[in-house]
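Reading through the structure tokens given below for one structure.
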Amino acid sequence: METVVQILVSGLTLGAMYAASTIGLSLVWGAMGVLNMAHGALLTIGGYASYSAVLHVGLPWYLGLPAAMIVSFVVGLLIYHIIFRFMYRHPAFETNVIIATVGLAIFLEQVTLLIYGAYPFLQPFSIEEGFFVSGVFVRFQNVVILVLAVATMLLVAALLSRTRMGRAIRATALNREAAQLMGVNVGRVFAQVMGIAGVVAAISGVMLSSITTLAPTMGYDPMLKAFIICVIAGLGNVPGALIAAFILGLFEAVVQFAVGVRFGFPALLLLVIIALIWRPYGVFGRRQVRRV
């Protein structure tokens, strides 16, 4: 029983962090059809913004997360206005954005390195107390991470399905040209999507750094795993990505417990290869048929 509880706690925590990292990336791909390579940098900015709000500004630790969400929201809007706004009408929009956001991610990493240095910091948004379940100590921080991830998923789902902005985002994702003909301001939709992605990235960055440490390169690993989850689920499929995130989190926890931590990521990549051989368009994706 102790082993099962330990695997469940570890797997659900990993799945929650993966899900939070994946929501923003999948949302940008689904609405805009592009891969934002600076998504990991948004996670890092969110983590450091929470740290600075508490340690440097003097806010209470529980206000670190809202501060990080505001900062990453603004950075997401800036990314749209500086990069995306001038590219989305170009035929090579998808390729140009990948190249531009790779450069932006490197730039933001270097800026973070210059400001904070390479030495890792502890995230003040953390709760050390906990409780025991079948002899296994579970930190309240793990519960907070799970609750925050689920709440983020529900809020994003409600935003997309029950608001006018969400309908505009879904219409743009379905057919950008048709949405424009129906009066949807595509530029505004793209700005809103980047802002939402920034907020979600901040939540993910704070959660991740609360159980590890803050570092300028902390966004690489969640960015890579978020991309893997998006590919497995089907690019742009937000609900499928969330389900895949928890499945892969539990799978990685089982592998780490059974054969060692260093085998977790290789096993994850092997599972991706098998999944894509089985369903090249994603486990939760749909096959597209084009008639010519």
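Before moving on, here are some points about what is shown:
- Qualifying positions in region 121-149 - surrounded by 15 or more Cβ atoms within 10 Å (Cβ to Cβ) and out of contact with any helix residue (DSSP H, G or I) (no Cβ under 7 Å at 6 or more places or on another chain): R139, V143, V144
- Looking only at residues of region 92-109 that are β-branched (V, I, T) and farther than 11 Å from P216 by Cα, we find that the one that is surrounded by the most Cβ atoms within 10 Å (Cβ to Cβ) is V97.
- Selected residue [under 24 Å from D221 (Cα atoms), open to solvent by 30 Å² or more (accessible area, probe 1.4 Å) and not basic (K, R)] from I70, I82: I70
For every residue, the table says whether it meets (1) under 17 Å from A215 (Cβ atoms); (2) buried (at least 24 other Cβ atoms within 10 Å of the Cβ).
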residue	(1), (2)
L12	no, no
Y18	no, yes
N36	no, yes
H39	yes, yes
A53	no, no
G58	no, no
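- Among the residues of region 241-264, those identified as open to solvent by less than 60 Å² (accessible area, probe 1.4 Å), over 10 Å from A19 (Cβ atoms) and either of a type in the set (K, R) or assigned to a helix (DSSP H, G or I) (or both) are L250, E252, A253, V255, Q256, G264.
- Candidate set from region 161-171 (those that are assigned to a helix (DSSP H, G or I) and open to solvent by 10 Å² or more (accessible area, probe 1.4 Å)); member that is modelled with the lowest pLDDT: S161
- V75 in contact (Cβ under 8 Å) with a residue 40 or more places away in the chain, out of contact with any Leu (no Cβ under 8 Å at 6 or more places or on another chain) and assigned to a helix (DSSP H, G or I): no
- Scanning region 28-67 for residues that are modelled with pLDDT under 90 and among the β-branched types (V, I, T) yields a total of 2.
- The lone exception for A201 - which of (1) open to solvent by 20 Å² or more (accessible area, probe 1.4 Å); (2) closer than 27 Å to I115 by Cβ it fails: (1)
- Selection within region 1-55: residues that are among the aliphatic types (A, V, I, L, M) and not in a helix (DSSP H, G or I). The member of this set that is farthest from A201 (Cα to Cα) is M1.
- For region 138-158, a residue qualifies if it is in contact (Cβ under 8 Å) with a residue 12 or more places away in the chain and farther than 16 Å from L242 by Cα, and the qualifying residues are V138, R139, F140, Q141, N142, V144.
- Count of residues meeting criterion [open to solvent by 50 Å² or more (accessible area, probe 1.4 Å) and outside any helix (DSSP H, G or I)] in region 172-198: 4
- Residue count for region 209-229 under the criterion of being open to solvent by less than 30 Å² (accessible area, probe 1.4 Å) and either in a helix (DSSP H, G or I) or of a type in the set (V, I, T) (or both): the result is 8.
- Considering the conditions (1) open to solvent by 60 Å² or more (accessible area, probe 1.4 Å); (2) of a type in the set (A, V, I, L, M, F, W, C); (3) modelled with pLDDT of 85 or more; (4) under 23 Å from T101 (Cβ atoms), L235 is excluded by exactly one of them, (3).
The values are calculated or read from the model by the stated rules, or taken from the named source; none is laboratory data. Fair warning: this is a prediction, and the values are worked out from it, not measured in the lab. Quick reminder, even Gly has a Cβ in these numbers, built from the backbone with ideal geometry, and neighbours come from all protein chains shown. Please note that ligands, DNA and RNA were not included when accessible areas were found on the heavy atoms of the full protein model with its side chains. Shrake-Rupley method; radii C 1.70, N 1.55, O 1.52, S 1.80 Å.
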